[in-house]
Amino acid sequence: MTRGRPSATTVLSVLGGLAVVLLVLIPVAALIVRAPWSAGAEVLTEPANRTALRLSLQVSLTALALSVGLGFPIAWVLARTEFPGRSLVRALVVLPMVVPPVVGGVALLVAFGRRGLVGQWLDRWFDIQLAYTTTAAILAATFVSLPFFVVTVEAGLRGVDRRYEDAARALGASPGTVLRRVTLPAIRGALGAGSALAWARALGEFGATITFAGSFAGRTQTMPLAINQALDTDVQAAILLSLVLLVVSVAVLAGLRDRWLGGA
């Protein structure tokens with residue numbers, strides 16, 4: 001029996017998939033082809049660039065920890081609790097995903113800046129100034145990355161078959177044991193995916209960071225900001241630094257995939 005022609009839907013799906021792949025591969029290939037490999041050692045060993053990479057990892061990993069610590073309770077409440085205004089709360093949580101990052105930076109500045117709504121009292125009462133500090137860069141990265149973790153984990157929690165949790169409780173398991181032994185293993189994939197997305201978003205954050213934290217070498221200048229600065233003075237260095245950030249992102253995401261998603 002001969003096979004029929006592929007349907008129009010199949011053809012369009014294949015063409016669409018190829019278009020997406022090319023859209024990703026062509027820019028990456030361009031970075032690799034245009035990279036000045038002979039100058040790589042000089043650019044990568046420059047103290048300012050190594051500091052920017054270290055700061056990027058510090059900021060993004062701290063933002064990831066905050067996103068997990070703050071985001072899991074929020075995701076749990078949104079997935080498991082009925083209360084008035086839940087839709088509004090969810091909308092506020094995901095708002096940083098849709099507003100321009102620079103708007104988020106302005107919002108953080110007028111909230112936590114030295115003369116901000118909250119920042120003025122932090123400065124007056126505790127002599128704490130957040131704007132244009134490393135802490136500001138962490139807050140900006142957390143602001144934009146938290147929604148990715150919450151949305152992913154909330155979806156995972158909604159997909160859990162709660163009969164297993166009910167059975168564990170019926171057998172005498174405490175709420176903590178049910179969470180640790182039943183719920184968390186069931187949403188392992190969602191936790192891994194949410195963590196990967198949140199970390200990647202924090203690592204690549206630019207707009208909110210430069211607005212709220214500025215671009216000060218050694219203090220707030222993460223790799224995206226260093227790359228942007230290099231574009232004005234040394235395009236070749238910007239290309240190499242972009243490749244470094246790309247390699248670090250792929251390596252960490254692959255590690256998270258193997259650790260949390262079982263290499264699936």
Condition met for Leu122 (hydrophobic (A, V, I, L, M, F, W, C) and in contact (Cβ under 8 Å) with a residue 40 or more places away in the chain) = no
Sole miss for Tyr164 among (1) free of Cβ contacts under 8 Å to residues at least 12 places away in the same chain; (2) farther than 30 Å from Arg50 by Cα is condition (1)
Arg180 being of a type in the set (Lys, Arg), over 27 Å from the mean Cα position of the chain (by Cα), more than 19 Å from Phe212 (Cβ to Cβ) and loosely packed, with under 14 Cβ neighbours inside 10 Å | no
Please identify the pairs in which a residue from segment 216-237 that is in contact (Cβ under 8 Å) with a residue 40 or more places away in the chain has its Cβ atom under 7 Å from the Cβ atom of a residue that is acidic (Asp, Glu) and part of a loop (DSSP other than H, G, I, E, B), counting only partners at least 6 apart or on another chain.
-> Pro224/Glu205
Among the residues of segment 239-259, is there at least one that is modelled with pLDDT under 85, of a type in the set (Asp, Glu) and loosely packed, with under 15 Cβ neighbours inside 10 Å?
-> yes
Qualifying residues in segment 69-98 (those that are aliphatic (A, V, I, L, M) and within 15 Å of the chain's Cα centre (by Cα)) - the one surrounded by the fewest Cβ atoms within 10 Å (Cβ to Cβ) = Val98
Determine the pairs where a residue that is modelled with pLDDT under 85, located within segment 25-49, has a partner that is part of a loop (DSSP other than H, G, I, E, B) and of a type outside the set (A, V, I, L, M, F, W, C) with Cβ atoms under 9 Å apart, the partner being 6 or more residues away or on another chain.
-> Val43/Pro36; Val43/Asp234
Yes or no: Leu12 hydrophobic (A, V, I, L, M, F, W, C) and in contact with a Gly (Cβ under 8 Å, 6 or more places away or on another chain)?
-> no
Do we have any residue at all in segment 48-68 that's within 24 Å of the chain's Cα centre (by Cα) and basic (Lys, Arg)?
-> yes
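The values are calculated or read from the model by the stated rules, or taken from the named source; none is laboratory data. Values in this document were obtained by computation on a predicted structure and should not be read as measured data. Note that we place each Cβ from the backbone using ideal geometry, even for glycine, and neighbour counts take in every protein chain shown.
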